[in-house]
Amino acid sequence: MSASRLARRILPHPDTLAQTKGLKWLGHYLAPRPWLWVAHRRRVALGVAVGLAVGVIPLPTQMVLAAVLAIACRANVAAAIAATWLTNPLTLVPIWSLAIALGRFASGHHGPIATPEMLAIEWQQPGTWAASLWTWVQALGEPLLIGLPLAGLVLGALAYLVVYFGWWAVIKGERWRRLRQRARRS
């Protein structure tokens, strides 16, 4: 099955969204703008890049912001929203480590930064967890604030290249397979 057929099969049609409670506005918006929803290599790759770049920055409204930016960039909205899911509690440590490293490099920060040992959480007092975590994040400071947008840009660009060339490789492989099948039949 081709990549575009698979994407069309998985993604709901804008008419389906227009009939879904809570998503009606999205279906009505996407129906006259098919370029925001079609499974096209460049648009999907750009959608994934936008979604991952937004998903790196810890915001409570990542999916909404990714959808708005995808619309502004004329990228695939579904791919942008789905790409925000790549940033989750399991991927937080590697992404933030990359962000801190990029932030330290960009800012020239060479001093000590917060380490996990500095995170002094009193497990018996759940009311103090948020304050301890916030103090620890503040200790990360400048490298983290500079590094998160940089990590978003780097990961977004890498995601674009991976999706774009991965899709291209799948298309080439399918064409090669069809040509071999035709040659066998002849």
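Expressed in nm to one decimal, what extension gain is obtained for the pair LEU59 and ARG180 from 0.36 nm per residue of sequence separation less their Cα-Cα distance?
38.6 nm
All other residues whose Cβ lies under 12 angstrom from that of TRP168 are scored, Lys and Arg at +1 and Asp and Glu at -1, for a net of +3. Once the Cα-Cα distance is subtracted from the 0.36 nm per residue extended length, the GLN124 to LEU145 segment shows a gain of 4.5 nm. Scaling the Cα radius of gyration of the range 40-185 by the globular reference 2.2 N^0.38 Å produces a ratio of 1.38. FRET efficiency for the LYS24 to VAL162 pair, using the beta carbon distance and R₀ = 25 Å, is estimated at 0.15.
Peptides 84-93, 71-80, ordered by how many other C-beta atoms sit within 10 Å of their residues on average, highest first, read 71-80, 84-93.
Each reported figure results from applying straightforward, stated rules to the coordinates on display, with no laboratory input. Just so it is clear, the structure is predicted and the values come from calculations on it, not from any experiment. All Cβ positions, glycine included, derive from the backbone under ideal geometry; neighbour counts span all protein chains shown.
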